[in-house]
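Please treat every number below as a calculation from the coordinates, not as lab data. Predicted model, so just to flag it, every value in this text is computed and none were measured. Cβ coordinates were reconstructed from backbone atoms using ideal geometry, including for glycine residues, and neighbour counts include every protein chain displayed.
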Amino acid sequence: MFKKFIVACSLPIVLLFGPMIAQCVPAYAQLRAEPRHSAELVSQLICGELVRVLKEDGPWVLIRTEHGYEGFTRTEQIQFHSDPINYSTLHRLQKTEIRKENTPFQKLEPEGSIFLNYILKTEAKSDTDIFDITFPPLFSSQTLANQAMRLLTVPYVWGGKTVFGLDCSGLVQFLFQKQGYSFPRDAWQQAEIGLDISFDSSKPEFEPGDLLFFQNPGKKVHHVAISLGGSRYIHASEWVRINSLHEADADFKKERKETLVNAKRIQPETLVSLLDSFRKL
C-alpha cells in the first residue's frame, strides 16, 4: 500500500522528465480515444503488456503501445518502471504480484495475459516465491489455429483483444501474443507480415494458421481471418465463428470470398519476441 502511495504521489513530477515505461497490471485495461469512460474504445491492454506513458491528464494517462496505438487509460491500471528497464527482473515482479493476489499463475489464461503461455520450471512454495519460466517452442501455425478454436463464440467488440471481446485483428494479435510474439494491431498492418501465398480464387484452400485478408475495391484491408485448413477459416465477425470459402458448404459467406485479396504464411524467422519488441518502446 505504501509503495503504491509513493508511485501515485510522485507521478506528476516523474512525467515532467519525459515519457516513461509502464506495464498493464490487471487482466486487461481499456484504451480510450479521450480521457473519459464514455469515449470510443480504441484498443485494450492485457496483463503484462508494456507501454510508453506520454502525459498525465488528471486520473488518466495518455499512453503509446508497441505498435504506435495511442489512447487514454486510468492511472491505477498501470505500474510505472524506471527507464531503461531491467527486463530480466520485469517478469519476476509481475509474477510475484500475481501470486500475492492468490491467483495461481496458470489460472490467468481465461482472462488473457502476455504471460499465459510461459512454461513454469519451478513450483512456488510461498506467496513471495520467484518463478523460473521459459518461452514455449518456436511458433507453430497449427497451434495458432488450435488456440483460435478455443475462442469460439467470444463476442465481437470493436477494439477488443481479450477473451471478453475481440475484433478481427485483436483475435490474431492475441493469439500471437499467446505464443510469446509481437504482432501488429490492425489488419492492414498484419497483411504486411509473412510470405504471400498464391491460391485459386475460384476454390481457395489454405494450410492451418495461414492468415487471410479481405479488402473492398479502392480501400485498405479491413478484415483478417485464420485458416483452419482447406476452405474453412475462423474469425471475429459478430462473434468468433467458423465460415467457409466453398459455396457448397452451409457456412459459406459470399462476401468473404468476393473480398479475399491476399493470404500470408507466417514463418518463425519473421516474428519478433514480445520482450525484444518491448525494448524498442
Around residue 265, what is the net charge, scoring Lys/Arg as +1 and Asp/Glu as -1 over all other residues with Cβ under 9 Å from its Cβ? -2
Quick check on my link table: of 178/203; 55/161; 161/264, which ones sit more than 29 Å apart, alpha carbon to alpha carbon? 178/203
From fewest to most C-beta neighbours within 10 Å, the residues 20, 149 line up as 149, 20
Phi-based couplings in Hz for segment 57-66 (Karplus 6.51, -1.76, 1.60; Gly and Pro marked x): 9, x, x, 10, 10, 8, 10, 10, 7, 4
How large is ³J(HN,Hα), in whole Hz, for each residue of segment 172-180 in order, when computed from phi with the Karplus curve 6.51 cos²θ - 1.76 cosθ + 1.60 and θ = phi - 60°, using x for Gly and Pro? 5, 4, 4, 5, 5, 5, 4, 8, x
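Using R₀ = 51 Å, calculate the FRET efficiency as 1/(1 + (r/R₀)^6) where r is the Cβ-Cβ separation of residue 248 and residue 56; round to 0.05. The partial results should precede the final answer.
Details: r = 58 Å, r/R0 = 1.13.
Efficiency, rounded to the nearest 0.05: 0.35.
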Any residue on another chain or 5+ positions along whose placed amide H is under 5 Å from the amide H of residue 43 is listed here as 31
Ranking 185, 64 by Cβ neighbours within 10 Å, fewest first, what do you get? 64, 185
